[in-house]
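Each reported figure results from applying straightforward, stated rules to the coordinates on display, with no laboratory input. In this text, all values refer to a predicted model and were calculated from it rather than measured experimentally. Every residue, glycine among them, receives a Cβ derived from its backbone with ideal geometry; neighbour counts consider all protein chains shown.
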Amino acid sequence: MTPSSVSSARWQRYALFNLLLLIALGAWLYLHNRPVELPGLPAGMQTGCVSYAPYYGKDQTPLRADTWISPQQIDEDLALLSRQFQCVRTYSVDQGLEHVPEAAQRLGMKVLLGAWIGWVDSKNRQELNKAIALANRYQSTVSALIVGNEVLLRGEQTLPAMQKYLHHAQESTSVPVTYADVWEYWLRYPGLAPSVDYITVHILPYWEDHPQSIDNAIPHAQQVMNKLAVKFDKPLFVGETGWPSRGRQRGESVPSQVNQTRYLREFISTAHQQGWQYNLIEAIDQPWKRHLEGTVGGEWGLYDSALQPKFTRTGSVVERADGAWPAIFAVSGLLLWCGIARRKAFAGSAMLAMASLGALTGLATWVGVDYLHTVSRDLFEWLVLGSLGMLALSISLLLPLGAQAYTQARQYLGTALLLLLAAGAITGCFLAFDGRYRDFPLFLFTLPALQLALGARLLALPLRPASRLYLFIHLLSITLAAACVLLDPLNDHAWAWAALVLLLATVSWPGKHSPTS
């Protein structure tokens, strides 16, 4: 080790920098843990239907042919849902779901019975005939037969084919028959209307081609219903509407627990005022959808996958419920970093800087762990994203050690910087070319980016390399970040990601000379 060239004044400024970041992150957590007051629903106001899919347990997914849901689980699920809802909507009569009408009948609930229509005609006819038989058997319970769900949207059947399926259903049962799709596709295929008893439309402000903000979500739904009422002379039924509680922001559409509760309460209230019939999506979070649609796909439930309620009809709403964990992680980080500093002979202002950095790192670690728990879908993602988290931790430790002129720490810091930049470039590729369902990993990159870009400057720690490899990485990352912004210009997270990419570019844009090259 060579003597440190960092002055006491620089350590003091670095300590203040970390303290300000600690206060900012603490304030963010405080605000997200505060109850948010929202208008509640009047006592006694009945709630419509809710989409029920029982695939919330470990390894339960409709994508596996051998999946089977036990009657006992369905009985227990419907008993829970019957406390809030008078009816449920299903999407198939396979994999054990044929038990739903019987279970609902015992509870006095109604069922919007779904028949899944896919690519294969033989399977479709088998499914439809099974659904028709159930509808005829439980006519007092099955209030409608929904033949197909967003089939035209997925492009799995043509309009004439759907008309044939619907005609067959109409001839085979006295139960009302309908078809469900997003509202734009009803306007695109109005010829389907004569084949149904009423129009079942999906209104999902988050998934619109032009995603709606939470403030404009209900006015948007009203505009859609007015447009459909002018177009069709048949009754309208909102077959799906809801809001995700977590996941990627789309335009001005921000998934959150508060926004989900607000949208559902406002929609239910508006529906009662306007006389709309509706079905909410969905009863229970669906973890399997995360593999298809990212975090947001599994976060539409009014109950989580542990069957704990997420939606309440009245009262305040809390976005996060961190409890004492932030304080525990912050104190643990402070003690750990101070212990390391003591072993490395830090003293005075340098020790103060390590203490503030340790508390900040500990608090950021808690936020990162919570983020990993939210977005990681399998062991591989836990390992990859967890490695990024460990990289961020190592940078927080190596930076002050490098400032103290530990040669080995500086070498490791250079390696960590290169790995972080490479990870950022790879992440940028995924976000730009396959980003519809991917979260921006801001929680994993923000702290190391700030430490490398600003903290290193405060400590006068040279990091600028000479290799042109860094130039290539930065140009690639900046181009990809710009693409993310252009693709979704109203997305705050896209802009924040671009800012982080530019911030990292200021750290290691290749120079002619560098002590670390």
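Around residue 321, under 14 Å between beta carbons, what's the net of Lys plus Arg minus Asp minus Glu among the other residues?
0
Note the angle between two axes, namely the Cα long axis of helix 349-375 and the longest principal axis of the Cα atoms of the chain, as a number of degrees from 0 to 90, rounded to the nearest 10.
The two axes meet at around 20 degrees.
Looking at the chain, send over the antiparallel percent of its DSSP beta bridges, to the nearest 5.
Of the beta bridges lying entirely in the chain, close to 15 percent run antiparallel.
Say R0 is 41 Å: what FRET efficiency, to the nearest 0.05, do residue 490 and residue 84 get from their beta-carbon distance?
Step by step, r from the Cβ atoms, then E = 0.75.
Name the long-range amide H neighbours of residue 50: under 5 Å, sequence gap of 5 or more, or other chain; modelled H, no Pro or chain starts.
Hits under the 5 Å cutoff: 87, 88, 89, 280.
Calculate how steeply helix 217-231 sits against the longest principal axis of the alpha-carbon atoms of the chain, using the helix alpha-carbon long axis, and give the answer as 0 to 90 degrees to the nearest 10.
It works out to around 30 degrees.
I need the calculated FRET efficiency for the pair residue 159 and residue 226, taking r as the beta carbon distance and R₀ as 25 Å, to the nearest 0.05.
That gives a FRET efficiency of 0.50.
With θ set to phi - 60° and the Karplus curve 6.51 cos²θ - 1.76 cosθ + 1.60, what are the ³J(HN,Hα) couplings of the stretch 465-473 in order, to the nearest whole Hz, using x for Gly and Pro?
Going residue by residue, I get x, 9, 5, 6, 4, 5, 4, 4, 4 Hz, with x marking Gly and Pro.
Roughly what would the spin-label model give for residue 33 and residue 213, points 7 Å off Cα along C-beta, in nm?
Using points 7 Å along Cα→Cβ, the separation is 2.9 nm.
Once you have the alpha carbon radius of gyration of the stretch 35-317, what is it after dividing by 2.2 N^0.38 Å, with N set to its residue count?
Taking N as the residue count of the stretch 35-317, the ratio is 0.95.
Contour minus end-to-end for residue 407 and residue 7, with contour as 0.36 nm per residue of separation and end-to-end as the Cα-Cα distance?
So the chain would gain 142.2 nm between residue 407 and residue 7.
Between residue 46 and residue 306, what length comes free when the chain is fully extended (0.36 nm per residue of separation minus the Cα-Cα distance, one decimal in nm)?
Difference between extended and current length: 91.1 nm.
Project the alpha carbons of the stretch 384-517 onto their principal axes and report the range along each, largest first, in whole Å.
Principal axes ranked by extent give 44, 31, 24 Å for the Cα atoms.
Quick check: from the Cα gyration tensor, does the chain come out rounded (a/c under 1.5), prolate or oblate?
Verdict is prolate for the chain.
Give the angle, between 0 and 90 degrees and rounded to the nearest 10, that separates the Cα long axis of helix 159-172 from the longest principal axis of the Cα atoms of the chain.
50
Rg (Å, one decimal) plus Dmax (Å, integer) for the alpha carbons of the stretch 233-323?
Spelled out, the Cα radius of gyration and Dmax of the stretch 233-323 are 13.9, 53 Å.
By DSSP, what percent of the beta bridges with both residues in the stretch 35-317 are antiparallel, rounded to the nearest 5?
If we restrict to bridges inside the stretch 35-317, about 10 percent are antiparallel.
Take the alpha carbon atoms of the stretch 21-80, find their center, do the same for the stretch 340-380, and report the distance between the two centers in whole angstrom.
Distance between centres, Cα-based: 32 Å.
Arrange the peptides 191-199, 257-265 so that the one whose residues have, on average, the most other Cβ atoms within 10 Å appears first.
Most protected by this proxy first, the peptides run 257-265, 191-199.
With each pseudo-label sitting 7 Å past Cα toward Cβ, what's the residue 373-residue 340 distance in nm, one decimal?
Label at residue 373, label at residue 340, 2.4 nm between them.
For the stretch 83-156, list log₁₀ I(q)/I(0) at each q in 0.17 Å⁻¹, using the Debye formula over Cα point scatterers of equal strength and ignoring solvent, two decimals each.
Debye curve over Cα of the stretch 83-156, log10 I(q)/I(0) at q = 0.17 Å⁻¹: -0.59.
Is the C-alpha gyration tensor of the stretch 83-228 telling us rounded, prolate or oblate? Criteria: a/c under 1.5 is rounded; beyond that, a/b larger than b/c is prolate, otherwise oblate.
The shape class here is oblate.
Within 10 Å, count the other beta carbons around each residue, average over each peptide in 150-156, 64-70, 233-239, and list them highest first.
Ranked from most to least packed, the peptides come out as 233-239, 150-156, 64-70.
Could you list, in their original order, any pairs among 110/227; 58/164; 289/310 whose Cα atoms are separated by more than 27 Å?
Going by Cα-Cα distance, 110/227; 58/164 fall outside the 27 Å limit.
May I ask for the net charge around residue 105, where only other residues with Cβ less than 12 Å from the Cβ of residue 105 are counted and Lys, Arg are +1 while Asp, Glu are -1?
Cβ neighbours under 12 Å give a net charge of +1.
In what sequence, highest mean first, do 464-471, 128-135 appear when ranked by Cβ atoms within 10 angstrom?
The densest-packed peptide leads the list: 128-135, 464-471.
Hey, how many Å between the Cα centroid of the stretch 100-139 and the Cα centroid of the stretch 201-249?
The two parts, judged by their Cα centres, are 26 Å apart.
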